[in-house]
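Encoded as C-alpha cells, the structure appears first; notes follow it.
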C-alpha cells in the first residue's frame, strides 16, 4: 500500500491509498481517505465518497456511486448502475447485479447475492448467504436470517421476518417456532412489533404469502 495523489475529472487532487495492481477506468472521482487494496478494478464514471475502503479483488462496474464511510470486503462485485448510501458495509464475496440501490447503513453478510434491480431501504441487514432475486424490494430496517432466498419480483416487504421471538415458546418466528400461519404469527408478536394496525389492507396478502413461503423454506 502506498499513498498517491489522484486527480479528479474536475481538477481536484486528493490523497488515496492504493495497493498493487489497482486499475481505474475513465472519469473516476475519488474523495479523501479512499483505500483501494490489491487488485481493485473500477469501471468508468465511478464516484467514491470520503473514507471508502475496498478490499482485495473488489470489482466495480460502470456508473457506480458509493457514499461516505462505505466498506467493501474482499472479492465484492458490483455491476453497472449501482448506488450505495452512506455507511454501507458489504462482507466477503458479495455480488450485486445491475441497477441495484442500497440505502444508508445497509449491512450485507458474506456471500450475499442480489439480482438486477434490487432496492434496499435504510439500515437493512442481511445475514450470510442470503439471495434476493431480480426486482426484489425491501423497506427500511428489514432483517433476514442466513440462507434466506427470495424469488424474483417479491417487493414491498417491510417487516423483520425471522427476527422476532415468539412470546410463547421463545424461538424466533419461522426458525423453529410452533407458529404455523401468518395469523398466529401476528397474534404471538411482542406488543409493538409489526402490529396489525400498522399493516395496510393491501399488504396483508403479501405478508401471508411471504410468511407461508419462508416457513416452508425453514422447515426444509
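The values are calculated or read from the model by the stated rules, or taken from the named source; none is laboratory data. Just so it is clear, the model here is predicted, and its values are computed rather than measured. When we count neighbours, we look across all protein chains shown, and the Cβ atoms used for this are built from the backbone with ideal geometry, even at glycine.
For this structure, a couple of remarks:
- Positions within the range 37-72 being part of a loop (DSSP other than H, G, I, E, B), closer than 21 Å to residue 2 by Cβ and touching a strand residue (DSSP E or B) at 6+ places or on another chain (Cβ under 8 Å), in sequence order: 37, 40, 46, 52, 55, 58
- Taking first residues from the range 49-72 that are at positive phi and modelled with pLDDT under 95 and partners that are outside any loop (DSSP other than H, G, I, E, B) and surrounded by fewer than 24 Cβ atoms within 10 Å (Cβ to Cβ), no Cβ contact under 7 Å between residues at least 6 apart in sequence or on separate chains turns up.
- Candidate set from the range 80-118 (those that are in contact with a strand residue (DSSP E or B) (Cβ under 7 Å, 6 or more places away or on another chain) and in contact (Cβ under 8 Å) with a residue 24 or more places away in the chain); member that is nearest to residue 37 (Cα to Cα): 91
- Residue match in the range 23-44 (condition: modelled with pLDDT of 95 or more, surrounded by fewer than 14 Cβ atoms within 10 Å (Cβ to Cβ), out of contact with any helix residue (DSSP H, G or I) (no Cβ under 6 Å at 6 or more places or on another chain) and more than 21 Å from residue 96 (Cβ to Cβ)): yes
- Any chance residue 17 is at pLDDT 95 or above, surrounded by fewer than 17 Cβ atoms within 10 Å (Cβ to Cβ) and touching a strand residue (DSSP E or B) at 6+ places or on another chain (Cβ under 6 Å): no
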